[in-house]
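Notes follow the structure.
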Amino acid sequence: MSATTKRESLQDLLDSLPNLVEHFYNDTLTPHAATRSAMSPVPAEFTNWRDEQHAWRETAVLFDQSHHMPELFLKGPDAFKLLNYVGINSFDKFVPGRAKQYLGCGPDGKVIGERRFIGLYTSTAYLVPTSEIPIVRRKCANIIRRAGFLAKGHLHKSLVTVLEQYPREELFEADEDDLFDIALGVLRLQEHQRTRLFVRRDRFDRFVSCLVFVPRDKFNTDLRKRIAKVLMKAFNGKSIEFTPLLSESPLARIYITVRSDKGAMPEADTRELEQQIVQVARRWQDDLADALIDSFGEEQGNRLVREKLWG
């Protein structure tokens, strides 16, 4: 079958090529080059611009993707404006870490190509203040406004610090309501310091993000592994990632992401998981302190704890 022979299907094209790898590796024609018409295995589906636009927006379109898809990098302050201008679909809600289909059209409004764009984080997104990241800035401002704390007051400044130290991936990906609830929960830990667990489930059910707070003097590699084991079992995890944060706070924070197969993560009771983490974080010193307080009362028990444990 020659290169100019009319193909009725993609299978006809595949059958005519002895070496697919070599064909696509050396195929340098642009997707809609004039010389490619004979190579297209699927004929154009629409000849009417209005019908084609309606199909792209409302139903489905049979589109020729037999060509290979080269990489294309776009960056700069006007990248979104360009994509919005030359594409028929909006990029207004496109954020780093997400994939977005791009449908490009020519001057006559007809679709001339399709791509998948992946939003990439730059290193500065992890280093600059949240006020300098447009999407994050809006979320943080709304959370601070909803909290209703006195501007420049202690609670206001503490909440700002919580948000600045919050994992950046979470600030990008989490819903504002989830961020608000968790940020306020983290803020309350300043008054009632204890072991806490906050869980956010991915909207596509691919992973769960966990913020675990434990007393800093208890945190070590062994405890981190025991906590990871609890979370992996609870969420049927296939892999796990973690990032610890040790600061001046008396609590250490562990940011843990548990990944599983889509649809394979069971629902888990956060409070029950939190109690399991409390138990795995306990040391023999904690059991001794509880026994002394139970036996001798709080005042004398605490005095004995200081004498027996701290000399």
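The values are calculated or read from the model by the stated rules, or taken from the named source; none is laboratory data. Since we're looking at a predicted model, the values are computed, not measured. No Cβ is skipped: glycine too gets one built from the backbone with ideal geometry, and neighbour counts run over all protein chains shown.
Closer than 27 Å to PHE204 by Cβ, of a type outside the set (Gly, Ala, Ser) and modelled with pLDDT under 70: is that true of ASP64 in this structure? Here the answer is no, as ASP64 does not meet what is asked. Applying the selection to the stretch 232-249, what residues are within 11 Å of MET265 (Cα to Cα) and outside any loop (DSSP other than H, G, I, E, B)? Matches in the stretch 232-249: MET232, LYS233, ALA234. Which members of the stretch 129-170 meet the condition of being in contact with a Cys (Cβ under 7 Å, 6 or more places away or on another chain) and polar (S, T, N, Q)? Across the stretch 129-170, the qualifying residue is only THR130.
Within the bounds of the stretch 256-271, is there any residue that is of a type outside the set (D, E, K, R), over 16 Å from THR221 (Cβ atoms) and assigned to a helix (DSSP H, G or I)? Yes: the stretch 256-271 contains one or more residues that are of a type outside the set (D, E, K, R), over 16 Å from THR221 (Cβ atoms) and assigned to a helix (DSSP H, G or I). Residues that are exposed (fewer than 11 other Cβ atoms within 10 Å of the Cβ) and among the aromatic types (Phe, Trp, Tyr): does the stretch 292-306 have at least one? Among the residues of the stretch 292-306, not one is exposed (fewer than 11 other Cβ atoms within 10 Å of the Cβ) and among the aromatic types (Phe, Trp, Tyr), which makes the answer no.
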